[in-house]
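Trainee: I have a structure I would like to understand better, so I am pasting it below and will then ask my questions one at a time.
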Amino acid sequence: MTETFMIELFEKHRQDCMDLVQKVLDEVSQSDTHCDISIGLIELEETRKMRDKRCTKEEVEKELFSEIKRVNKCFKNIEEFTKYVEDKRYKDEYDKNDKLSLIDTNHSSIIRRKLDIIRYKYTLGVELSELREEYLVLLDQVDKTSYNFGFRDCSVLALGILFEEGIEKFEKLISIMDRVKKHDLMYDYIVNACGFKRKFYSDVFWDDDFEFMKEVIELAQKDKEQASKKLVYHFKTNWNDSTRPYGNWLWDCAAISKMFKLDDSELKDNPHYPYELAHYKNEMEFMPEKMLDFPKETYKKGIPEYPRLEKLIPAKFHEITNNFLNDYKKLDYDEFCEKYELDWLEPDEYVGQEEDLETFGVNFILFLSDIGYIFQFDKLDDLEEVEFYKKFWGRKKVRPIHFQLNSDCYYIAYVPKSVKLKSIFGVKIEEVKDLKELDQYQEYLGQFDNE
């Protein structure tokens, strides 16, 4: 009996965990293989070697086990919601669309969970061939989801480079990123090097920890030896201490290093550089020289249709905001809704609300969310991402505000501290002293991610 077989038996079976462990024990009792079972995770002691020795096997397995349970829950939800729709048990179209949305969300959630499972398994020392199988399951979900529910797209791309799998699915991920206009320069670098192009390009790094990679890339295009030294120096200086969490593998950096064929031999034992995976396969050719090829983007400052908004909205979004306001005045309402995809209400609910200030205000906030200025989310766990939205203001001192819509979601933006507004187009604006206060508005029901 192989380790892979037993792990797959554990992860894919849908019965109660304890029943599953008993099944595995029954299998093991009929073989000569010695196994150690810890919280239901089966491990062949002689073949496993922790890749990050700063943590214990038990604490990593505990996290891994939790993620496996959540993935299984997502698959179960997908089955239930799919059958619900196929059997036409829905009350109306709204109920049907709600279940279809939950199916989509669960597929996206599986991607996020699988990224964590790969991270934990890599930490535990699991064979790379087994991690590849996990990645293939992840890729299968890409075809079945239409939006990103909390997973880092760049990690999906980077793992695709390292495993040399699923590159053809990158276009789907790119379309998702472009639709929500999500910024991440590391993502753009990898997209360019794979020969793809985005319709929307980033201004900033999603995570400041990756800013050093721009210098590595610039050096690599001129002098790979110096770029290799820069990469090694940065990891040894900034990613080699006990203050960083275990299992935090920088797939992105390893993917870029691989595409440039940098010398990373000194990072074999670094607890954050996935050296073994970076050298797992080397059959594909990439175009790293294209990494920094970005079209020049210019901003037209000013919102003449409503100058008061210039203090509330960063200059990057001025022109598109002004166009939105101008189109609202000039276009037929149906044309306006179609152009800006304002589908938050059912069509018949628009009737009689064309001139309603609050209706326009809600559409305006949703528009600002669509173009990437306002952070829309429905789960407090995603709060860590909101910090990114400060970057649109450069060095200005900013504070978070909350746009109060009659919705299940939060709408957070950062504005300069000097800006004082209580409402905009009928939508109330509330100051947020502490983002953790947001949980007073709603509780996350966890229909698709039952902890």
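Readers should treat all values here as calculations from the given coordinates under stated rules, not as data from a laboratory. All figures in this text were calculated on a predicted structure; none of them were measured in a lab. Every residue, glycine among them, receives a Cβ derived from its backbone with ideal geometry; neighbour counts consider all protein chains shown.
Trainee: Once you have the Cα-Cα distance between Tyr90 and Asn240, take 0.36 nm times their residue separation minus that, and quote the gain in nm to one decimal. If you can, show how the numbers build up before the last one.
Mentor: Working: separation 150, 0.36 × 150 = 54.00 nm, distance 5.36 nm.
In short, 48.6 nm is gained.
Trainee: Something else: Label Glu285 and Asn97 with points 7 Å out from Cα along Cα→Cβ: what is the distance between them in nm?
Mentor: Rounded to a tenth, the inter-label distance reads 4.8 nm.
Trainee: Okay, next question. Which stretch or stretches of the range 263-304 have amide N atoms under 13 Å from the point lying 7 Å from Glu218's Cα along the Cα→Cβ direction?
Mentor: Label zone hits: 292.
Trainee: Alpha carbon centre of the range 207-265 versus the range 150-172: separation in Å?
Mentor: That distance is 19 Å.
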